[in-house]
Every structure is written in C-alpha cells, then in structure tokens.
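Asks: Below is the structure I would like to discuss, written out as structure tokens.
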Amino acid sequence: MNKTDRLLAIVLELQSKGRQRAEDLAQTFETSKRTIYRDIQALSEAGVPLISVPGQGYSLMEGYFLPPLSFSSEEATMLLLGSDFMARNFDAQYRAAAQSAGRKIAGVLPEHLRDEVHYLRESIVFITPGAPDDLDELPKLQQLRRAIIEHTTVRFTYYTRHSQTDEPSVREVDPYGLVHYLNRWMLTGYCHMRKDVRHFRLDRLEALEFLPRTFQRQPNYHVIDRSRSQGQAGDIRVRVLFDVQVARWVREARSFYMTSAEETTEGLLATLMVRHESEVQQWLLGWGSHARVLEPESLRQSLTEEARKMLQHYASNEQ
C-alpha cells in the first residue's frame, strides 16, 4: 500500500472505529509505529483535525467525516460479506485488497447504519461458495435475519434425521447467526430445549414464528468460530482406512465431520468426530469396498448389516 492510499485508509479506520493507538494502526496496515507517526503528522499538516491523547491514541475531531456513500444496510452488508469471503479465499495480494476495500466501505457508512451492518456482518458467514438449492428457504432467511437484528426468540418445528422417532420436535431458539455451508443454510443459536448452542438446517425447519420476547447473545460469541467446530463437536471417534486409489477423491469430497487425514503405506487414514454413527454411515457406504472402518466396532457391525440388507434386496429382485 502506497503512502497516499494508507493516509486515506487511516482516516477511514479512525472514522469507523474511533480512537486507535499507533501500534493498532501499525498492525492493521502492516507497517512500523514510526511510519504511523509520520502519517499522522502528514494528515495534521494536510488539515485533518486529529486529536491525540497520550497513552490512548488518535481520533478524529467530532463532526469531521468524509462524504459518505449512499448504501442501504443490505447493500453494505453484501459488499462487506463479499470482501470478507475474498479475503479468506484468495492469495495475499487480493486478501490485502479485499481488506482495504472492506475498511473503506465500513468507514464511510453513516453512524445510524454502522452498528446494524456490523452486527449482520458478524452474524452471516459463508464457509463455502454456492447458492441455496431450494428457493423456498428465502422467506425463512428473511424472517431469521430480522430476528437476528431484533434479538427476537423464535419457535419452529424441526425434523432431526438421527432422532429415535420420526416425529419433529418443537424448538425455541435465540437466533445468533446464519451460516452457509455445503450449499445449505443453517441457523446457529441457543436452543432452550438443549440448553446449549445448536445448528439447525433451514430445509428441516417448518412453522417458523416469532415469540414476544428478546434475548442477548452470549458474550464473546463468534459465529464463524462455532460454525467451523460445531458440526464436528461429537465425542465418537471414527477411524477409516481408504484405499490408495481413492485417497485423492476422499480429500476432494471430504466429510464435514473429518478432523484429520494421514497418508500411510496402506492408504489414507481418516479420523472423524461424530455425535451419532449414522451421521457418516451413508458417506462411508458411498465408497464401497474402498473404505474399511477400523473403529468403532459398533459402526463396523452396522455397516455389515446394511451391506447384508442391500445384498438380500438385490438377490430377491433377481429371483
């Protein structure tokens, strides 16, 4: 980043975040404190009204601002989500460009939009690219986005694939955020039934309604941190050995629950952490004889039984 761009970026950073120390600015722009001191002096000489408080940092004089762009909260949120996604998924050069663009957009937002956009930006996460397969989910997305902004508890019926019965359960949830993963939208929030934070697939969620009460999100909660780990938060360890000839494809189509994969002389040794063995049963069956479950024994037995039923099914059709 050249000096001119950095000077503008410093003003935008102070406008969007308020008081910043020299070391904070140096870390943000990956330069030295001495350079920041020189930049601050250059801005002061250019007429930018800066306030310096020893030990607390720099801030802009109240009332000073750059002309804001006319963004709605939805427009600004989409632009910032795009810059976040690009920053996470491209090389260093484009990552720096995306981060710089995000700072510029955030910096010129009017104050009355800044908090709302920041909250939405922290509450909607794209882990993988793609679009929802089912357009019927769009009304749910709109309702849940409003519930997130307004801190409103919601109630819905939810179908759980691995439940003991086929009947749906009624859940009351404080919606914390929305996560897009593997072409599916998921709601993350505090479930009053489970007394903990849970994820809910929107395509399994029905009869969504708002309840007449509000909530406060748990302190220090970050949607992106939980979204990367919640799906793998099981305590059942599954170890599978894949043949060498499919190792490449296993890595390419890895399971959401896979925590590690190690190349061995016999093939790819994968470890998965699940809450229910049935969560990975179909994925493992899809690899046929190229996958061999080493543990747990109960999963080996259930796969054996499923294979036996499949054999019986095809044998009966041939008779």
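Asks: I'm checking my understanding of the structure. Among residues of the range 1-29 that are surrounded by fewer than 15 Cβ atoms within 10 Å (Cβ to Cβ) and touching a helix residue (DSSP H, G or I) at 6+ places or on another chain (Cβ under 8 Å), which one is modelled with the lowest pLDDT?
Replies: Across the range 1-29, the extreme among qualifying residues is MET1.
Asks: Could you tell me how many of the residues in the range 279-319 are in contact with a Lys or Arg (Cβ under 7 Å, 6 or more places away or on another chain) and among the acidic types (Asp, Glu)?
Replies: 1
Asks: Does THR271 satisfy the condition of being of a type in the set (S, T, N, Q), modelled with pLDDT of 90 or more, out of contact with any strand residue (DSSP E or B) (no Cβ under 7 Å at 6 or more places or on another chain) and not in a helix (DSSP H, G or I)?
Replies: Details: of a type in the set (S, T, N, Q): yes; modelled with pLDDT of 90 or more: yes; out of contact with any strand residue (DSSP E or B) (no Cβ under 7 Å at 6 or more places or on another chain): no; not in a helix (DSSP H, G or I): yes.
It is false that THR271 is of a type in the set (S, T, N, Q), modelled with pLDDT of 90 or more, out of contact with any strand residue (DSSP E or B) (no Cβ under 7 Å at 6 or more places or on another chain) and not in a helix (DSSP H, G or I).
Asks: May I pose another question? How many residues are within 22 Å of LEU138 (Cβ to Cβ), without any contact (Cβ under 8 Å) to a residue 60 or more places away in the chain and either of a type outside the set (D, E, K, R) or outside the structural domain of HIS151 (by TED's automatic domain parsing) (or both) when one looks only at the range 182-210?
Replies: Applying the first criterion (within 22 Å of LEU138 (Cβ to Cβ)) to the range 182-210 yields 182-189, 199-210.
Applying the additional criterion that residues be without any contact (Cβ under 8 Å) to a residue 60 or more places away in the chain yields 183-189, 199-201, 204, 206-207, 209.
Adding the requirement that they be either of a type outside the set (D, E, K, R) or outside the structural domain of HIS151 (by TED's automatic domain parsing) (or both) leaves 183, 185-189, 199-200, 207.
Matching residues across the range 182-210 total 9.
Asks: Would the range 155-162 turn up any residue that is surrounded by 14 or more Cβ atoms within 10 Å (Cβ to Cβ) and modelled with pLDDT under 90? Spell out the reasoning first.
Replies: Taking the range 155-162 and keeping what is surrounded by 14 or more Cβ atoms within 10 Å (Cβ to Cβ), we get 155-160.
Add one more test, that the residue is modelled with pLDDT under 90, and what stays is 159-160.
Yes, some residue in the range 155-162 is surrounded by 14 or more Cβ atoms within 10 Å (Cβ to Cβ) and modelled with pLDDT under 90.
Asks: Another question, then. Please report, ordered by residue number, the helices (runs of 4 or more DSSP H) entirely within the range 35-150 with at least 1 residues that are modelled with pLDDT of 75 or more and of a type in the set (Ser, Thr, Tyr).
Replies: So the answer is 73-89, 92-107, 111-123.
Asks: Now, a different point. Of the residues ALA253, ALA261, which is under 23 Å from the mean Cα position of the chain (by Cα), modelled with pLDDT of 90 or more, not acidic (Asp, Glu) and not assigned by TED's automatic domain parsing to the domain that holds LYS140?
Replies: ALA261
Asks: For the range 163-173, which residues satisfy the criterion of being farther than 30 Å from ALA253 by Cβ and at pLDDT below 65?
Replies: Answer for the range 163-173, where residues must be farther than 30 Å from ALA253 by Cβ and at pLDDT below 65: just THR165.
Asks: Moving on to the next point. All but one of (1) modelled with pLDDT of 85 or more; (2) assigned by TED's automatic domain parsing to the domain that holds MET186 hold for SER227; which doesn't?
Replies: The number of the failed condition is (1).
The values are calculated or read from the model by the stated rules, or taken from the named source; none is laboratory data. The structure presented is a predicted model; accordingly, all values stated were derived computationally and were not measured. Every residue, glycine among them, receives a Cβ derived from its backbone with ideal geometry; neighbour counts consider all protein chains shown.
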